[in-house]
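First the structure, then my questions, so here it is.
The values are calculated or read from the model by the stated rules, or taken from the named source; none is laboratory data. Fair warning: this is a prediction, and the values are worked out from it, not measured in the lab. Positions of Cβ are generated from backbone atoms using ideal geometry, with glycine treated the same way; all protein chains shown enter the neighbour counts. Remember, those area values only see protein heavy atoms, side chains included, never the ligands or the DNA or RNA. Shrake-Rupley method; radii C 1.70, N 1.55, O 1.52, S 1.80 Å.
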Amino acid sequence: MSDDRTKIVLSEDQIPTRWYNLAPDLPTPPPPPLNPATEQPAQPADLAAIFPPALIEQEMTMERWVPIPEAVREIYKLWRPSPLYRARRLEQAVGTRARIYFKYEGASPVGSHKTNSAVAQAYYNKQAGIERLTTETGAGQWGAALSFACSVFGLACDVFQVRTSYETKPYRHIQMETFGAQVTPSPSERTEAGRSLRERFPDTTGSLGMAISEAIEEAAKDPHANYSLGSVLNHVALHQTVIGQEALAQLEAAGERLPDRLFACAGGGSNLAGIAFPFIHENLEGRGQVHVTACEPAAAPSLTQGEYRYDFGDTAGLTPLLKMYTLGADFVPDPVHAGGLRFHGMAPLVSAAYDQGLLDAVAIRQRAAFAAGITFARAEGIIPASESNHAIAGALDYLATAEDDGDGQVVLIGVSGNGQLDLPAYADYLSGDMLDA
Ligand SMILES: *Cc1c(COP(=O)(O)O)cnc(C)c1O
């Protein structure tokens, strides 16, 4: 039985010392990325123009555990270990007898889990002698995380932000600029990809796929610049596994057993991988039966509606071909607020886990997501990120139909970020006019 703590905190020396890689534990090995020109498995050399050697190695490694450099753990200490909460007031608010916990990544420097990978990526690029990182960002959380990480390691940061987010969420680019980054609304006139996309889609509000194309092009043409991706790739999923490892230790510290259910939102899949893969590892080792549910937006339902096939990660077709659940690299979702979930594909490792029955998925409409987020905020005092609301809605939907009011069940929710800079989205919901996409 669990003890009666509300906030379960670990000490700094309990920050994980290694990342967990699901790839070697998958029952069927994950299909490799392909070089689009040859359609053969991509070689390290194919990626060397835009990634440093250490990240390419992590992208391909079949080692189960990858050591976290001390310099990265030092920076993690600014906000890690992140707290795990027992959500008693939420339990009361929704009238469940389940024990609900949430792992909260919103206390990081920029308010989301993205810093876990940003710091690692900036570190390895600095080690490789790189001077500038280019990237894309949707709502701006990844761009902000990388801007912070670049400022830590003395790198320049060049961010292409999806135009609709740049215009409707100005505080994010101010946040990035505060950390010293240059922010360009995408598609832009700065790159060939941007110019041709603007010609093909003159009224476009932009998409992550378009911004990725611009950022890759910009990195590929400068030998001192590399590109950095905030989700999807194996090394990003790897870095995020500090979340789940800590949550495991925290549940144990609270005298709690493994959860019956785990809910996390899924855009590119990194926070889901981060919190869930260490629990899936417990399942595969025969120590648990944690049912993992990916909560994706109905506006970009790659797992529940997409096809499992090779596709590009970006619109212009500059990335390697990735085997993933995809809606097609040309897919432009409705402009829902959860910018971080507006991606056409899904991390290859999450896709493989889904294909092999290690997790399931639900699609959630944004009004339902915000209704759940507001219930959560009023009970727990934390306004969640728009994206995180999908995980909360997934959990509350499940509990609403659970037998015996969920008695005896343990539910873990990944709250990937806070919504302090998402308040215009809440205003839209509260006005009653929110698009029900
Ligand atoms: C970016 C983001 C997401 C979605 O990205 P994943 O790679 O799927 O995790 C979810 N939540 C927050 C707070 C984000 O910033």
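Taking Lys126 and the conditions (1) touching a residue at least 40 places away in the same chain (Cβ under 8 Å); (2) open to solvent by 10 Å² or more (accessible area, probe 1.4 Å); (3) more than 12 Å from the ligand (Cβ to nearest atom), which numbered condition does it fall short on, given that it satisfies the others?
Of everything listed in (1) touching a residue at least 40 places away in the same chain (Cβ under 8 Å); (2) open to solvent by 10 Å² or more (accessible area, probe 1.4 Å); (3) more than 12 Å from the ligand (Cβ to nearest atom), Lys126 misses just condition (1).
Scan (1) open to solvent by 20 Å² or more (accessible area, probe 1.4 Å); (2) away from the ligand (no atom under 16 Å from the Cβ); (3) within 15 Å of Lys7 (Cβ to Cβ); (4) not in a helix (DSSP H, G or I) for the single condition Ile100 breaks and write down its number.
(1)
In region 339-379, how many residues are within 16 Å of the ligand (Cβ to nearest atom) and more than 22 Å from Phe277 (Cβ to Cβ)?
Residues that pass the stated criteria total 10.
May I ask you to say which residue of Gly286, Gly267 is over 22 Å from Arg86 (Cα atoms), of a type outside the set (Ser, Thr, Tyr) and within 13 Å of the ligand (Cβ to nearest atom)?
Among Gly286, Gly267, only Gly267 is over 22 Å from Arg86 (Cα atoms), of a type outside the set (Ser, Thr, Tyr) and within 13 Å of the ligand (Cβ to nearest atom).
Quickly run through region 235-252 and pick out the residues that are open to solvent by 20 Å² or more (accessible area, probe 1.4 Å) and within 12 Å of the chain's Cα centre (by Cα). Don't jump to the end; show me each part of the working.
Keep residues of region 235-252 that are open to solvent by 20 Å² or more (accessible area, probe 1.4 Å), which gives 245, 248-249, 252.
None; the set is empty.
Here's a follow-up. Is region 411-433 home to any residue that is within 16 Å of the ligand (Cβ to nearest atom) and of a type in the set (D, E, K, R)?
Yes: region 411-433 contains one or more residues that are within 16 Å of the ligand (Cβ to nearest atom) and of a type in the set (D, E, K, R).
Another question, then. Checking the condition under 30 Å from Lys77 (Cβ atoms) and buried (at least 19 other Cβ atoms within 10 Å of the Cβ), which residue from Leu22, Leu47 passes?
Leu22
Sticking with this structure for a sec: Mind telling me which of the residues Ala193, Ala249 ends up being assigned by TED's automatic domain parsing to the domain that holds Met60, of a type in the set (A, V, I, L, M, F, W, C) and away from the ligand (no atom under 16 Å from the Cβ)?
Answer to the selection: Ala193.
On to the next question. If you check Asp405, Asp334, which single one turns out to be open to solvent by 10 Å² or more (accessible area, probe 1.4 Å) and within 23 Å of Ser165 (Cα to Cα)?
Residue meeting the stated conditions: Asp334.
Here's something else I'd like to know. Looking at region 209-221, is at least one residue touching a residue at least 24 places away in the same chain (Cβ under 8 Å) and surrounded by fewer than 19 Cβ atoms within 10 Å (Cβ to Cβ)?
There is at least one residue in region 209-221 that is touching a residue at least 24 places away in the same chain (Cβ under 8 Å) and surrounded by fewer than 19 Cβ atoms within 10 Å (Cβ to Cβ).
What tally of residues in region 339-365 results from selecting those that are assigned to a helix (DSSP H, G or I), at pLDDT below 95 and not small (Gly, Ala, Ser)?
The qualifying residues number 1.
Please tell me if Ala395 is closer than 20 Å to Arg89 by Cβ, free of Cβ contacts under 8 Å to residues at least 40 places away in the same chain and either within 14 Å of the ligand (Cβ to nearest atom) or hydrophobic (A, V, I, L, M, F, W, C) (or both).
no
Can you list residue pairs whose Cβ atoms sit under 9 Å apart, with the first residue in region 30-58 being over 17 Å from Asp314 (Cα atoms) and the second being open to solvent by 60 Å² or more (accessible area, probe 1.4 Å) and of a type in the set (Lys, Arg)? Count only pairs 6 or more apart in sequence or on different chains.
Listed pairs, sorted by first residue: Pro52/Lys126.
Taking only region 65-97 into account, find how many residues are farther than 30 Å from Tyr398 by Cβ, without any contact (Cβ under 8 Å) to a residue 60 or more places away in the chain and open to solvent by 10 Å² or more (accessible area, probe 1.4 Å). Explain how you work it out, then say what you get.
Keep residues of region 65-97 that are farther than 30 Å from Tyr398 by Cβ, which gives 65-78.
Keeping just the survivors that are without any contact (Cβ under 8 Å) to a residue 60 or more places away in the chain gives 65, 67, 69-74, 78.
Checking the rest, the ones that are also open to solvent by 10 Å² or more (accessible area, probe 1.4 Å) come to 65, 67, 69-71, 73-74, 78.
Number satisfying all stated conditions: 8.
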